[in-house]
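The values are calculated or read from the model by the stated rules, or taken from the named source; none is laboratory data. In this text the structure is predicted, and so the values were computed from the model without any measurement. Positions of Cβ are generated from backbone atoms using ideal geometry, with glycine treated the same way; all protein chains shown enter the neighbour counts.
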């Protein structure tokens, strides 16, 4: 996992460093990284035309020193003030060093000729360092060089698009104890336990309580995803459903009555390691009561999704989720609004923190940038979200995947983040147009299998 530092955290790192490393040294290291990226983008320096838009602060200093380095390599460099003109003429590269992560107000960048590459220093000027909001009209960057660690504004909101490809330059400072981290492929191999050689199907069994008569599609997607994500067994209970009409033939059907089913579900969970409840259950008052009873009484980790979240109602303070075991909540924006009384807003990481704190549970906020928080404020971020996943049923697949990871022994904080990462990576292997939720379980299995093979031969 890679650290992410908020603006305040990065300022604290800078302040601590200045007692040991002179500011001029840090500026020179940052400028060296910017110049190296510029050379890579241009394929050389001699005769290239470079325009550096440099402000008055440290960000501008990084740009000016990078300009001097490029000039020594033979580039034709001009340095301009952020408000010196309304546009840039011909250039082989524009370096945006106008303002950094601490900028407030609005920035309207100069117009840049079409197809002229842009390199941003630390963050595109005008992008909020914590939220990713675009204040004004920032210059879209093809690449961004940031320092020490990524910043939230580079990986969420408009900043994620405006930043282009982000690289993190090492300038000799430690990020310290970051409270936000991004998830990578290697984390799946490291944190998801392998199945024991002497294990059996009950070692990673999941109970899925989902669906309703005539509405079993969500239940099938959830159960299949859990199986394809490594669950040894899935017990599937559809309240009021017919066991002869299972939406997931590989799952073991569990009879649950149409109402007052929580007791039967708790009995079915006795040999399981995790529970998923909610997809396709419906919103009948009796269902609300049963979901709440199941959540309050289960002694194993539990994922609450979709109609399960509806059953929990508004959360705040004293109305936190009542549960014996860890609970993972998985809302999209509309479900978040029902739980919290407001939409998440631009800062997805902070929004997930608020939900986790109020609910007393792990909170996964779905989106292109998926944020997973625990009540103590630590956040894990998944960056593999894709428009391909914006189709019905993909959330049901994700909840089944989280259940499988929990059953396999992944912690309740890490399981949803790893599942969200794998969810997006699997989607990347599917059809660019027309991907449907039913494609994902097999794609997930293929992706996880490829990682395991790489681990064996790596």
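The figures follow:
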item	result
1 or more residues under 23 Å from residue 117 (Cβ atoms): qualifying helices (runs of 4 or more DSSP H) within segment 127-221	152-155, 157-162
Residue in segment 308-316 that is more than 17 Å from the chain's Cα centre (by Cα), surrounded by 24 or more Cβ atoms within 10 Å (Cβ to Cβ), under 18 Å from residue 222 (Cα atoms) and modelled with pLDDT of 95 or more present	yes
Test for residue 442: is it outside any loop (DSSP other than H, G, I, E, B), surrounded by fewer than 19 Cβ atoms within 10 Å (Cβ to Cβ), modelled with pLDDT of 95 or more and in the same structural domain as residue 369 (by TED's automatic domain parsing)	yes
Residue in segment 56-98 that is surrounded by the most Cβ atoms within 10 Å (Cβ to Cβ), counting only those that are modelled with pLDDT of 95 or more, assigned to a loop (DSSP other than H, G, I, E, B) and within 35 Å of the chain's Cα centre (by Cα)	98
Number of the exception - residue 161 against (1) more than 29 Å from residue 230 (Cα to Cα); (2) over 15 Å from the mean Cα position of the chain (by Cα); (3) free of Cβ contacts under 8 Å to residues at least 60 places away in the same chain; (4) surrounded by fewer than 19 Cβ atoms within 10 Å (Cβ to Cβ)	(2)
Filter pass, residue 170 being surrounded by fewer than 23 Cβ atoms within 10 Å (Cβ to Cβ), in contact (Cβ under 8 Å) with a residue 12 or more places away in the chain and in the same structural domain as residue 120 (by TED's automatic domain parsing)	yes
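Residues are listed down the side, and each one gets a yes or a no for (1) within 29 Å of residue 11 (Cα to Cα); (2) free of Cβ contacts under 8 Å to residues at least 24 places away in the same chain; (3) in contact with a helix residue (DSSP H, G or I) (Cβ under 6 Å, 6 or more places away or on another chain):
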residue	(1), (2), (3)
54	yes, no, yes
58	yes, no, no
63	yes, no, no
66	yes, no, yes
69	yes, no, yes
72	no, yes, no
77	no, no, yes
81	yes, no, no
89	no, no, no
